[in-house]
1. Which GluC sites (Glu not before Pro) in the range 15-119 pass both tests, a DSSP loop state and at most 10 other beta-carbon atoms within 10 Å?
2. Could you tell me which of the pairs Lys76/Lys276; Lys294/Lys396; Lys76/Lys294; Lys134/Lys294 are separated by over 24 angstrom between their Cα atoms in the structure shown?
3. How large is the translational diffusion coefficient of the range 79-351 in µm² per second when you combine the Kirkwood radius over alpha carbon pairs with Stokes-Einstein at 37 °C and 0.692 mPa s?
4. Are there chymotrypsin sites (Phe, Trp or Tyr not before Pro) in the range 32-131 that DSSP marks as loop and that have at most 12 other Cβ atoms within 10 Å, and which are they?
5. How many percent of Cα pairs in the range 91-238 exceed 23 Å?
6. What's the longest bit of the chain with no exposed trypsin sites (Lys or Arg not before Pro), using DSSP loop states and at most 16 other Cβ atoms within 10 Å as the test?
7. Could you size up the charge dipole of the chain around its Cα centre, putting +1 on the beta carbon of Lys and Arg and -1 on that of Asp and Glu, and report it in debye to the nearest 20?
8. P(r) tail for the range 95-141, what percent of Cα pairs lie past 14 Å?
Amino acid sequence: MTALDELDPATLPRVAVPADRRSAFWMPFTANRQFKAAPRLLDRAAGVHFWTPDGRRVLDGTAGLWCVNAGHCHPKITEAIATQAGVLDFAPTFQMGHSLAFELADALTAIAPRGLERIFFTNSGSESVDTALKIALAYHRARGEGARTRFIGRERGYHGVGFGGTSVGGIVGNRRQFAALLPGVDHLPSTHVPSEQAFSRGQPAYGAHLSDELERLVALHDASTIAAVIVEPMAGSTGVLVPPVGYLERLRKICDAHGILLIFDEVITGFGRVGKAFAAQRFGVCPDLMTTAKGITNGAVPMGAVFASRAVHDAIVDAGSGIELAHGYTYSGHPLACAAGLAMLELCREEGLFERALELEGYWQDAVHALDVQGVIDIRSIGLVAGIELAPRPGKPGARAYEVFTRCFESGVLVRQTGDTIALSPPLTFTKAHIDELVGELRAVLQSVA
Ligand code: PLP
């Protein structure tokens, strides 16, 4: 146990929201009626733990929502935010500026994949994705190729909830309620081929050829109409799909051959999740644009950032006069978020957090791949991430995994359910003992859920 975990439960307020005050909050991506009838509430957090209002300690196996990479309430980040709030709470970044935003952007380029040297700040992953898509359109237009308006996403991809992100996303359940998505979007097939890849540790050997589907889409639509391809280098929200060996390299080659921009959505994989600062570095493939959020501030203040290559940035900025890109958010480069981001980068350096997932990867994989108990049909892993896929109950997709998630919470570990997959993505500050506890509890629950 680290000092950060030593929260005295006696100091907890122990006030749960009473049943008659649970209606107003329309909860995101939540079964509202089900939740409000039996809420799961979190009250405090420190290090790798949450505490419930009744003082129960819960091991965080999901880094909150893939974002608290350095552990909860890290004093360095808490202090940076508190200090900044008393110095400069807000400053506009439209035609004005403040030092922290320049400092953070500069510091981010120092850890970025080679060539990604310009940073556009947003407030979330969804905003980063829509920003990157708009930058891609503006780039082609600035170069006299305004007919390049199509985007290519991928089946099972998740790119947030903006209209752009929903359109290029490929999770069917996230699209079907919203008929009017962007026109001119097509999708690559998912990289997931369980018959060839099940129980792969790290990158599956099979599937590089699935990137060749992009050639088919180029032939169908003509390259002159395609602006960009967007993929998660490792798909997270759909249930952890690790890219096949050689797949991303081929995607990069095909994009280059046809003048198509390649966007990596690193909202989950950024900031150390797969053993390097970014998945682009882990897999050795550099995109033209990279979307990030979550871990950039350790989840403590909402922030996102789009990393752009010099070529993309310069094409737009050099071609423009006056305001070169008519895009931005009131809170782009918010001072509190910048303070948190700078503190996060400093502690990642001091604590070696970007290397941590790679150091633990062997132990992690041994632990999670031993979860092949009855009912488990696939286990996927890389860095400090794992997806454990369960056989669905007949006619009730997701029901078994949902029960595993709720039972785990009752027994003191937080895991994430997505469809029939249990996703694990703990803080990078996890120790081997934490891995043993998380996997041990999950195993017991998996064995008890029919
Ligand atoms: N892109 C990816 C790959 C994500 O995983 C997510 C969220 O999980 C998003 C975009 C959206 O981020 P946000 O919820 O911050 O808008």
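1. Values: sites: Glu79, Glu103, Glu117; in loops: none.
Sparse-neighbourhood loop GluC sites (Glu not before Pro): none present.
2. Numbers: Lys76/Lys276 22 Å; Lys294/Lys396 32 Å; Lys76/Lys294 17 Å; Lys134/Lys294 21 Å.
Among Lys76/Lys276; Lys294/Lys396; Lys76/Lys294; Lys134/Lys294, the Cα-Cα distance tops 24 Å for Lys294/Lys396.
3. Values: Rh = 19.0 Å.
For these conditions, the coefficient is 173 µm²/s.
4. Those that pass, being in a loop and sparsely packed, are Phe90, Phe94.
5. On the way: 5271 of 10878 pairs.
Percent of Cα pairs beyond 23 Å in the range 91-238: 48.
6. On the way: sites that count: Arg14, Arg22, Arg40, Arg56, Arg114, Arg143, Arg176.
Looking at the chain, 177-450 is the longest stretch - no exposed trypsin sites (Lys or Arg not before Pro) with at most 16 other Cβ atoms within 10 Å.
7. Details: 41 positive and 47 negative charges, 221 e Å.
My answer is approximately 1060 debye.
8. Numbers: 678 of 1081 pairs.
Roughly 63 percent, rounded to a whole number.
Since every read-out is calculated from the coordinates, none of them should be taken as a lab result. This structure is a prediction, so every number in the text was calculated from the model and none was measured. Neighbour counts run over all protein chains shown; Cβ positions are idealised from the backbone, glycine included.
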